[in-house]
């Protein structure tokens, strides 16, 4: 199958490209390298450096894609609050541009990386399932909701299948500290540099951390599974203070940290119910948090020393 992966030089996208190539698919990457790293590019993938909201019809005309996996995005909650117009340009207009081209060139499946950590806001019940109301607290979350709605609309208009994967906080090797869920990579970087880790508020904010390798498995299943929306998380609640404890265990000493003012636009508690993914596509997280953080820490330690 010939697959377009947008954001295929980024943290999550590059791992997906590797997996698709390993399965024998022909993969083309579009990435503007604003946050992606060309060193992450699989050597067997064809690459175009371009913004997804620009005129990229020529690429579609040339490549004749069969499927789109859309991971290119403005990924930072703080940036979305400071510059919501740019956030919408990338996440809404960029997605709409891809959908328009998909309809024009007869592409019948669209896989989209949404954010289970941002689209639900602060619901009344936990863990959060896919039927919960969408009530984002940030422009980033709003842009992901808008993109989802555009996908559903185009699917109805043009008989297009879609798979929307609502990720919890993804972490792992290649993660950048600019990502909206990047606390694990940020802490790793600070620890390796012998700097203090900043903990926003009291550190009791709850997140659901899912390892990138498990996310890749969901994207492999999404190639052929029944179209639907799936939460991709662990249903395990972890506070920022818990992360400090895990890192302290890894480095075998207490991690130096300080509490600072909380940031606006961020949810306090988020944990996802992945039972739909388990029952419908046989997906479940396999990596324990402690093991995943250790793999991530060792990866960045090797880079730091090289």
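Readers should treat all values here as calculations from the given coordinates under stated rules, not as data from a laboratory. Since the model is a prediction, treat every value here as computed from it, not as a measurement. Methodologically, a virtual Cβ is constructed for each residue, glycine included, from the backbone with ideal geometry; neighbour enumeration extends over all protein chains shown.
Separation of region 33-87 and region 150-194, taken as the distance between their Cα centroids, equals 13 angstrom. Comparing region 137-193 with the 2.2 N^0.38 Å rule of thumb, its C-alpha radius of gyration ratio is 1.58 (two decimals).
The stretch between residue 89 and residue 57, if pulled fully straight at 0.36 nm per residue, gains 9.8 nm over its current Cα-Cα span. The gain in end-to-end length when the residue 228 to residue 290 segment is fully stretched comes to 19.3 nm, 0.36 nm per residue minus the alpha carbon separation.
Bridges between two residues of the chain, per DSSP, are antiparallel at a rate of about 5%. Less than 16 Å from a label point 7 Å out along the Cα-to-Cβ axis of residue 49: which backbone N atoms in region 1-25 qualify, by residue? Output list for this probe position: 7-10.
Taking each residue as 0.36 nm, the span from residue 298 to residue 1 lengthens on full extension beyond its C-alpha to C-alpha distance by 103.5 nm. Helices in the chain, meaning DSSP H runs of at least 4 residues, each add -39500 (n - 2.57). Divided by all residues, the mean residue ellipticity at 222 nm is -11500 deg cm²/dmol. Relative contact order of the chain, taken over Cα pairs closer than 8 Å and 6 or more residues apart, is 18 percent.
For a quick check, take a GNM of the chain with Cα springs below 10 Å and name the residue from 259, 25, 71 with the largest mean-square fluctuation. Comparing 259, 25, 71 in the GNM, the peak value goes to 259. The label point for residue 251 and the one for residue 34, both projected 7 Å from the Cα toward the Cβ, are 3.2 nm apart.
Against the chain, whose longest principal axis comes from its Cα atoms, helix 289-305 is set at around 90 degrees.
Could you tell me how many degrees, from 0 to 90 and to the nearest 10, lie between the Cα long axis of helix 94-104 and the main elongation axis, the longest principal axis, of the Cα atoms of the chain? In the chain, helix 94-104 runs at an angle near 30 degrees to the longest axis. Of 277, 113, 57, the residue with the greatest mean-square motion in the GNM of the chain, using alpha carbon springs below 10 Å, is 57. Considering only 279, 287, 226, the Gaussian network model of the chain with Cα springs below 10 Å gives its largest mean-square fluctuation to 279. The angle between the Cα long axis of helix 240-251 and the main principal axis of the chain comes to about 70°, on a 0 to 90 degree scale.
Residues of region 247-282 with an amide N closer than 20 Å to a point placed 7 Å from the Cα of residue 82 along the Cα-to-Cβ direction: 260-267.
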